[in-house]
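**Q** Once you've had a glance at the structure underneath, I'll fire off some questions.
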Amino acid sequence: MLIPKAKPKPANWKVVLTTPILLLALLFPGFSAANADEISTDVPRTSEDVPRTSLYDIENAKSLQVVVNKKRPLNPIDYLPRGKVRIGNVWVAKPAADAYSLLKEAVSKQKLGTLCINSGYRSFASQKAIHATKVAVLGKTAGEKLAARPGYSEHQTGLAIDISTTALGCRIGPFGASRASGWIAKNAWQYGFIVRYPSNAKTKITGYVWEPWHLRYVGIELATEMQAKGITTLEEYFALPAAPKY
């Protein structure tokens, strides 16, 4: 006659669970049963458990959130973005071009003028010529506060645009004093842009003087987070070293 195996009773399980706890108590005097109650292997993780910065790729030259500054050259240094769109006489990466179209429409609806792009994508060779010209005219220190070295420019990603209005002849110099500039500084984030070099007070972090015309497309999600946290530079948001010089 087969005798069925007795199913363990709740009391049996207490013995099974108590044994490893006792062993832990012997090995680690500070451990107690109260500690065991806090151990859980099935607690679900949420996005709040993971730093937001880890969700963005700031290293890949192809990334919308790549961080380029005087300490962080593009990799490869002669990077060439694909899928650019022509706007007037300049080329812009498609995500930035699409966002600019919406921004331009919004500025017009606000009756702040008609936006235009003074400069968009620049190749490694083009940036080399621009850098050389600025340095020749202003000297190395002053010149490099306005123009990046080739391979270190956001314009090479196709995600940066220098904007102005048609009323200003699309010149960037006077743009900071315009009503359009003030509105964009407050609202560009809604379209995925940030004013990349927001003030002279941030020059010691970004390495560049205030450029109200220089917009950088980073995507609506990141731009919104930066706005909500009151963080104005990518270096500060991603806790990167300041990049005042090469």
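The values are calculated or read from the model by the stated rules, or taken from the named source; none is laboratory data. Just so it is clear, the structure is predicted and the values come from calculations on it, not from any experiment. Quick reminder, even Gly has a Cβ in these numbers, built from the backbone with ideal geometry, and neighbours come from all protein chains shown. The protein model used for the area step is the full one, side chains on, heavy atoms only, and it has no ligands, DNA or RNA in it. Shrake-Rupley method; radii C 1.70, N 1.55, O 1.52, S 1.80 Å.
**Q** Spelling out what I want: for every residue of the range 99-114, take phi, set θ = phi - 60°, compute 6.51 cos²θ - 1.76 cosθ + 1.60 (Karplus), and round to whole Hz; glycine and proline get x.
**A** For the range 99-114, the Karplus curve yields 5, 4, 4, 6, 5, 4, 5, 5, 4, 5, 5, 7, 6, 10, x, 10 Hz.
**Q** For residue 78, what accessible surface area do you get with a 1.4 Å probe? Give it in Å², rounded to 10.
**A** 100 Å²
**Q** Report the Rg/Rh value for the range 133-173, based on alpha-carbon coordinates and the Kirkwood definition of Rh. List each step's numbers first, then the result.
**A** On the way: Rg = 12.5 Å, Rh = 11.8 Å.
Rg divided by Rh gives 1.06.
**Q** Among 124, 146, 158, which residue has its Cα furthest toward the positive end of the charge dipole of the range 108-189, with +1 on Lys/Arg Cβ and -1 on Asp/Glu Cβ?
**A** Among 124, 146, 158, the one farthest towards the positive end of the dipole of the range 108-189 is 146.
**Q** For the range 135-246, what % of the accessible area comes from carbon and sulfur atoms, probe 1.4 Å?
**A** Numbers: 2760 of 4670 Å².
Here carbon and sulfur together make up 59 percent of the probe-accessible area.
**Q** Also, quick follow-up: Would you kindly derive the ³J(HN,Hα) couplings of the range 186-194 from the backbone phi angles with the Karplus curve 6.51 cos²θ - 1.76 cosθ + 1.60 (θ = phi - 60°), listing them in order in whole Hz, with x for Gly and Pro?
**A** My calculation for the range 186-194 gives 8, 10, 4, 4, 5, 10, x, 9, 10 Hz in order.
**Q** 7 Å from Cα along Cα→Cβ at both residue 238 and residue 183: what's the point-to-point distance in nm?
**A** 3.2 nm
**Q** Right, another one. Can you give the accessible area of residue 157 in Å² (nearest 10), computed on protein heavy atoms with a 1.4 Å probe?
**A** Residue 157 has an accessible surface of roughly 10 Å² with all protein chains in place.
**Q** Can you give me the orientation-averaged projected area of the convex hull built on the Cα atoms of the range 180-246, in nm²?
**A** Working: hull surface 17.1 nm².
It is 4.3 nm².
**Q** Are there any chymotrypsin sites (Phe, Trp or Tyr not before Pro) in the range 54-134 that are in a DSSP loop and have at most 10 other Cβ atoms within 10 Å? List them by number. Each step should come with its number before you reach the end.
**A** Details: sites: 56, 79, 91, 100, 121, 124; in loops: 56, 79, 121.
Counting only loop positions with at most 10 other Cβ atoms within 10 Å, none of the chymotrypsin sites (Phe, Trp or Tyr not before Pro) in the range 54-134 qualifies.
**Q** Using a cut-off of under 17 Å, list every residue of the range 156-193 whose amide N is near the label point 7 Å from the Cα of residue 128 along the Cα-to-beta-carbon line.
**A** 156-157
**Q** A further question on this structure: GluC sites (Glu not before Pro) within the range 147-246: which are DSSP loop residues with at most 10 other Cβ atoms inside 10 Å? All intermediate terms of the calculation are to be shown ahead of the outcome.
**A** On the way: sites: 154, 221, 225, 235, 236; in loops: none.
Answer in residue order: no site qualifies.
**Q** Shape of the range 45-197 from its Cα gyration tensor (a ≥ b ≥ c, root eigenvalues): rounded if a/c is under 1.5, otherwise prolate when a/b > b/c, or oblate? The partial results should precede the final answer.
**A** Values: a/c = 1.64, a/b = 1.04, b/c = 1.57.
Oblate shape, in that a/c is at least 1.5 and b/c is the bigger or equal ratio.
**Q** List the trypsin sites (Lys or Arg not before Pro) within the range 61-118 that DSSP assigns to loop and that have no more than 16 neighbouring Cβ atoms inside 10 Å. Kindly include the intermediate steps, with their values, before the conclusion.
**A** Values: sites: 62, 70, 71, 82, 84, 86, 104, 109, 111; in loops: 62, 70, 71, 82, 111.
Those that pass, being in a loop and sparsely packed, are 62, 71, 82, 111.
**Q** Moving to a separate point now. Expressed in nm to one decimal, what extension gain is obtained for the pair residue 57 and residue 172 from 0.36 nm per residue of sequence separation less their Cα-Cα distance?
**A** Numbers: separation 115, 0.36 × 115 = 41.40 nm, distance 3.04 nm.
38.4 nm is the gain from fully extending residue 57 to residue 172.
**Q** Structure shown: which of 70/229; 70/94; 62/111; 84/128; 70/186 lie over 28 Å apart, alpha-carbon to alpha-carbon? It would help to have the intermediate numbers written out before the result.
**A** On the way: 70/229 25 Å; 70/94 25 Å; 62/111 35 Å; 84/128 20 Å; 70/186 26 Å.
Exceeds cut-off: 62/111.
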